[in-house]
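Colleague: Got a structure here, written out as structure tokens. Questions coming.
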Amino acid sequence: MKNEMILKAGRDKSLRRHDLWVFSGAVAKEPEQCFNGDVIDIMSADGQFLARAGWSPTSQIRARVWTFDRNEAVDSGFFRRRIADAVNLRRVTGVSQTCTAYRLIAAEGDDLSGIITDIYNDYAVVQFLSAGAERRRDMFIEALLAELPDLRGIYERDDVAVRAKEGLEERTGVLYGDAPPELVEFHERELVFAVDLKNGHKTGFYFDQRENRRLVGQYAAGRSVLNLFSYTGGFGVAAAAGGAAFVENVDSSAAVLELAAKNFALNNIAGNRWHNTEANVFELLRKLEKENAKFDLIVLDPPKLVESQSHMMKGCRAYKEMALRAFRLLNKNGLLFNFSCSGLVDAELFAKITFDASHDAGVSGAILRRLAQDSDHPVRLNHPESAYLKGLMTVRI
Ligand code: SAH
């Protein structure tokens, strides 16, 4: 058959264990007369059906599985079933009852490789990150509208560099209904946040930190808080709402700090309880150390520093240096919440980096909690790669 990909002998084990990705090195024969993103069947060397997948001929991840069921077509019914499962899961975890914005489809985490969908009130923001997902875009949008008929608009944020690996161009725009307004205000439990869906990072907001924001809020009462890499103020607002004495937000982008200011106002936090500093965190940490500044709670949530194996050494050194300086700025009994969203840095390595940082800073500390991405970014048991965010809540003793 023309749309069949045949694996090398002995390379079928991972698909039999329901891995979702097939790497180019496992392929004996590519499908014929197929186009980027076509649905293909993956066969073992001895001719057994293994999975149905989207084909990515330009990528190292050569195929991404849609289904392991040979009788399941990748049609609108398929997408409606997957979306309905995802809607149901958000009800089970409660996020869709307590928050008006959340991630509805987290790609592999919701068994829809390459597809992201975030809900912001009655708008959806979508991304199609693989050739297979791109190919099924219109069918997916139709299925999304069938499952969520009250959506007012669907906006595409495919201005992401990873699409190049899949041979796809960047693209943004309205796919359905109304364009979202300049700012959308949503509720996260008792907090309110304004987001810029068209220009913000990712699709506008870091939902993955929701549970960690709650935790920071819970421990913030009476504390002075340093919120490093604040973006639009998520952790800072949670801390202030939790009774922090004072919050200092630091980010290198004036535009995101402007939105952070708006978010503090939206949550009725008095202007004398917070301050924004536009600065490079690496430089500011050195300056604060020289000034002998001290804080009771520090959040350290940098952007992804390890994009690939070649960035490993440099990225780990940066994580360590920042944590080291943060430890020195902490008062006794002060709390550090530090994070890495680099998938390649696993939880054990991150704990080791954090220990090395405390050791070199000359402070002793203890891990109070291990942190991860919130439940609207589920980690499929058969796809542990989707556990990208890790963090530690550490106390200086
Ligand atoms: N903590 C945020 C998300 C952080 S995203 C939240 O929970 O919403 C990373 C942020 O770091 C971005 O806002 C980006 O502008 C900022 N940034 C990147 N490099 C920086 C640097 N060297 N110094 C200060 N900010 C930086």
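The values are calculated or read from the model by the stated rules, or taken from the named source; none is laboratory data. Here the structure is a predicted model, which is why all the values come from computation and not from measurement. Using ideal geometry, Cβ is built from the backbone for each residue, glycine included, and neighbour counts are taken over all protein chains shown. Calculation scope for accessible area: heavy atoms of the full protein, side chains included, ligands and nucleic acids excluded. Shrake-Rupley method; radii C 1.70, N 1.55, O 1.52, S 1.80 Å.
Colleague: Nearest-5 percent of antiparallel DSSP beta bridges in the range 125-180?
Modeller: Here the share of antiparallel DSSP bridges comes out near 75 percent.
Colleague: In straight Cα distance, which lysines are under 20 Å from residue 29, not counting same-chain residues fewer than 8 positions off?
Modeller: Once the sequence-local lysines are set aside, what remains near residue 29 is 2, 8, 13.
Colleague: For the modelled label position 7 Å from the Cα of residue 139 along Cα-to-Cβ, which residues of the range 95-114 have backbone nitrogen atoms closer than 15 Å?
Modeller: Taking a point 7 Å out along Cα→Cβ of residue 139, the residues of the range 95-114 whose backbone N falls under 15 Å are 112-114.
Colleague: Accessible area per residue of the range 206-396 at 1.4 Å probe, in Å²?
Modeller: Using a 1.4 Å probe on heavy atoms only, each residue of the range 206-396 averages 43 Å².
Colleague: Here's something else I'd like to know. Can you pull out the GluC sites (Glu not before Pro) in the range 1-81 that DSSP calls coil and that have at most 13 other Cβ atoms within 10 Å?
Modeller: Passing both the DSSP loop test and the Cβ count: 32, 72.
Colleague: Modelling each spin label as a point 7 Å along the Cα-to-Cβ direction, I'd like the residue 160/residue 9 distance in nm, to one decimal.
Modeller: Distance between label points: 4.0 nm.
Colleague: Evaluate the relative contact order of the chain (contact order divided by residue number), counting alpha-carbon pairs under 8 angstrom at least 6 apart; express in whole percent.
Modeller: Relative contact order comes out at 11 percent.
Colleague: Still on this structure, please answer the following. Taking a probe of 1.4 Å, how large is the accessible area per residue of the range 16-87, in Å²?
Modeller: Using a 1.4 Å probe on heavy atoms only, each residue of the range 16-87 averages 46 Å².
Colleague: Cross-link list 314/352; 198/314; 304/352; 314/390; 294/390: which exceed 21 angstrom alpha carbon to alpha carbon?
Modeller: Those over the limit are 198/314; 294/390.
Colleague: Taking a ≥ b ≥ c as the square roots of the Cα gyration tensor eigenvalues, with a/c under 1.5 meaning rounded and otherwise prolate when a/b beats b/c, else oblate, which class fits the range 255-344?
Modeller: Taking the square roots of the gyration eigenvalues as a ≥ b ≥ c, the range 255-344 is oblate.
Colleague: Now for a separate question. Using only the alpha carbons of the chain, determine the length spanned along each of the three principal axes and report them from longest to shortest in whole angstroms.
Modeller: 70, 46, 35
Colleague: Direction-averaged shadow area of the convex hull around the Cα atoms of the range 105-166, nm²?
Modeller: 4.1
Colleague: Ordering 355, 246 from largest to smallest accessible area (1.4 angstrom probe), what's the sequence?
Modeller: 355, 246
Colleague: Turning to a different aspect of this structure: Which percent of the accessible heavy-atom area of the chain goes to carbon and sulfur, probe 1.4 angstrom?
Modeller: 51
Colleague: Here's something else I'd like to know. If you take the Cα Rg of the range 76-184 and divide it by 2.2 N^0.38 Å, with N the number of residues, what do you get?
Modeller: 1.01
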